[in-house]
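Colleague: Sharing a structure below in structure tokens format, with a few things to ask.
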Amino acid sequence: MSLAIALHVLSAVIWVGGMFFAYMAMRPAVAEVVDGTQRGILWRQTLSRFFRWVWLAVALLLVTGYWMVFSYFGGMAGAGWHIHAMQGLGLLMVLLFLHVYFAPFRRLKQALDRGDRDEAQRRVGQIRVFVGINLIIGLIVVVIGSAGRYLQ
């Protein structure tokens, strides 16, 4: 159980922490310092690296989460409200990530490949919106996951 909890928490920290850094620190810095024609390229390179880690985090979160539910709680019926809330919101986060990865991020790469900087910036804007939503959900999940069993 200790291994499952450790991997679960580390995966959440990597994903949610990465979104927090990208949204709250990198995005404003990039807007101030990086020329508009280069922003899309920077985001493509940054997100390509980050999304590799998110894929691993998503896999580990799902595997370790269900491992704990079925080995510790004996299934979903034995899990508290906070586990159900964490699962539901976590699955929503996964769906939003999949959308970002397969739609606006793919289109960002395509726009950059054909030299369409305006379209690339539009896609960066779309990604920003979805990352902001996922960040808020992720922070809520962290609170529920860490304090939920103490809230009655």
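FYI, it's all coordinate maths here, none of it is from the lab. Bear in mind the structure is a predicted one, so any value in this text is a computation, not a measurement. Methodologically, a virtual Cβ is constructed for each residue, glycine included, from the backbone with ideal geometry; neighbour enumeration extends over all protein chains shown.
Colleague: Gain in length, Q110 to S146, computed as 0.36 nm per residue apart minus the alpha-carbon separation, to one decimal in nm?
Modeller: 9.0 nm
Colleague: A further question on this structure: Could you let me know the centre-to-centre spacing of the range 1-42 and the range 82-152, using Cα atoms, in angstrom?
Modeller: If you average the Cα positions of each part, the centres end up 11 Å apart.
Colleague: So, one more: For the chain, what does the helix formula give at 222 nm: sum of -39500 (n - 2.57) over DSSP H segments with n ≥ 4, over the residue count, nearest 500 deg cm²/dmol?
Modeller: After summing the helix terms and dividing by residue count, I get -29000 deg cm²/dmol.
Colleague: Say we join alpha carbon atoms closer than 10 Å with springs in a Gaussian network model of the chain; which of A22, A57, A77 then has the biggest fluctuation?
Modeller: A77
Colleague: If you don't mind, there's one more thing I want to ask. Can you give the relative contact order of the range 2-150 as a percent, counting alpha carbon pairs under 8 Å and 6+ residues apart?
Modeller: Relative contact order comes out at 34 percent.
Colleague: Let me ask you something else. 7 Å from Cα along Cα→Cβ at both A59 and E32: what's the point-to-point distance in nm?
Modeller: 3.8 nm
Colleague: If you take the Cα atoms of the chain, find Rg, then find the Kirkwood Rh from the mean of 1/r over all pairs, what is Rg/Rh?
Modeller: Using only Cα positions, Rg/Rh for the chain is 1.05.
Colleague: Mean Kyte-Doolittle hydropathy of 0.0 or higher plus an axial Cα length of 20 Å or more: which whole DSSP H helices in the chain meet both?
Modeller: Taking the DSSP H segments of the chain (at least 20 Å long, mean hydropathy at least 0.0), we get 2-21, 36-72, 81-102, 117-147.
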